[in-house]
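The next block holds one structure in the form of structure tokens; read it before the comments.
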Amino acid sequence: MSQRSKNANLPILKSYLALLVQGKNDFDAVEEFRGDNFFTRALDVGVVPSSSTLRQRMDTHAASWFELADEFNLALLSANYATGPVDFGALPCGYMAVDWDTFVMNNSGTQKEAVGRTYQGVDGVTPSATYLGSLGYWFRFFN
């Protein structure tokens with residue numbers, strides 16, 4: 001992927017991540033932020049993408065971005081800084097805690113693909129999250 005292509009996709013990644021941290025995983029949720037100056041400035045993007053652009057780019061590039069996430073995880077886990085390796089918060093016994101759990105993302109009333117009935121009785125998806133160490137580092141997100 002060229003540098004120009006990477007820069008063109010930054011608003012896509014930033015906008016979708018900003019939606020996810022707010023608990024919004026539906027592409028259409030980006031529409032409420034398209035005219036929001038704070039959202040645009042906070043993400044340092046020139047323009048917030050439309051829901052259709054967000055959907056198309058995520059469909060086109062998602063596989064390569066998953067590989068990029070693996071590279072970031074590896075870099076973080078193996079990083080050494082002036083003070084030494086990253087401290088993930090080992091337990092007093094020396095073991096590293098790993099907390100794995102699922103959670104429901106309610107997609108009732110949306111047009112998302114792969115939505116099904118969850119164990120909480122709503123239409124949605126149930127991804128898994130894994131936290132590494134006692135400091136709560138998010139290690140990997142699975143679907």
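The values are calculated or read from the model by the stated rules, or taken from the named source; none is laboratory data. Source: prediction; values computed, not measured. Using ideal geometry, Cβ is built from the backbone for each residue, glycine included, and neighbour counts are taken over all protein chains shown. Each accessible area value is taken on the protein alone, full model and side chains, heavy atoms only, with ligands, DNA and RNA left out. Shrake-Rupley method; radii C 1.70, N 1.55, O 1.52, S 1.80 Å.
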| remark: Filtering region 75-99 down to residues that are open to solvent by 50 Å² or more (accessible area, probe 1.4 Å), out of contact with any Phe, Trp or Tyr (no Cβ under 9 Å at 6 or more places or on another chain) and more than 11 Å from Gly133 (Cα to Cα) yields Ala75, Ser78, Asn80, Tyr81, Ala82, Thr83, Pro85, Pro92, Cys93
| task | May I ask you to list the residues in region 23-57 that are among the charged types (D, E, K, R) and without any contact (Cβ under 8 Å) to a residue 60 or more places away in the chain? | result | Lys24, Glu31, Glu32, Arg34, Asp36, Arg41, Asp44, Arg55, Arg57
| remark: Of the residues in region 117-131 that are in a strand (DSSP E or B) and open to solvent by 90 Å² or more (accessible area, probe 1.4 Å), the one that is nearest to Asn73 (Cα to Cα) is Tyr131
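Report, by residue number, each residue of region 42-58 that is open to solvent by less than 80 Å² (accessible area, probe 1.4 Å) and not in a helix (DSSP H, G or I).
Of all residues in region 42-58, those open to solvent by less than 80 Å² (accessible area, probe 1.4 Å) come to 42-43, 45-46, 48-54, 57-58.
Scanning region 42-58 gives Val45, Gly46, Val48, Pro49, Ser50.
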| field | Of the criteria (1) part of a helix (DSSP H, G or I); (2) open to solvent by 60 Å² or more (accessible area, probe 1.4 Å), which one Phe39 fails | value | (2)
| Since Val21 meets every condition but one in (1) open to solvent by 100 Å² or more (accessible area, probe 1.4 Å); (2) β-branched (Val, Ile, Thr); (3) touching a strand residue (DSSP E or B) at 6+ places or on another chain (Cβ under 7 Å), which condition does it not meet? | (3)
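Matching residues to (1) more than 21 Å from the chain's Cα centre (by Cα); (2) over 30 Å from Phe27 (Cα atoms):
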{"site": "Leu76", "(1), (2)": "no, no"}
{"site": "Gly84", "(1), (2)": "yes, yes"}
{"site": "Gly89", "(1), (2)": "yes, yes"}
{"site": "Gly109", "(1), (2)": "yes, no"}
{"site": "Tyr119", "(1), (2)": "yes, no"}
{"site": "Leu135", "(1), (2)": "no, yes"}
| request: Just give me the residues in region 37-67 being of a type in the set (Gly, Ala, Ser) and over 17 Å from Asn25 (Cα atoms), in sequence order. | output: Ala42, Gly46, Ala63, Ser64
| query | Among the residues of region 100-116 satisfying the criterion of being of a type in the set (A, V, I, L, M, F, W, C) and without any contact (Cβ under 8 Å) to a residue 40 or more places away in the chain, which is least open to solvent (accessible area, probe 1.4 Å)? | reply | Val104
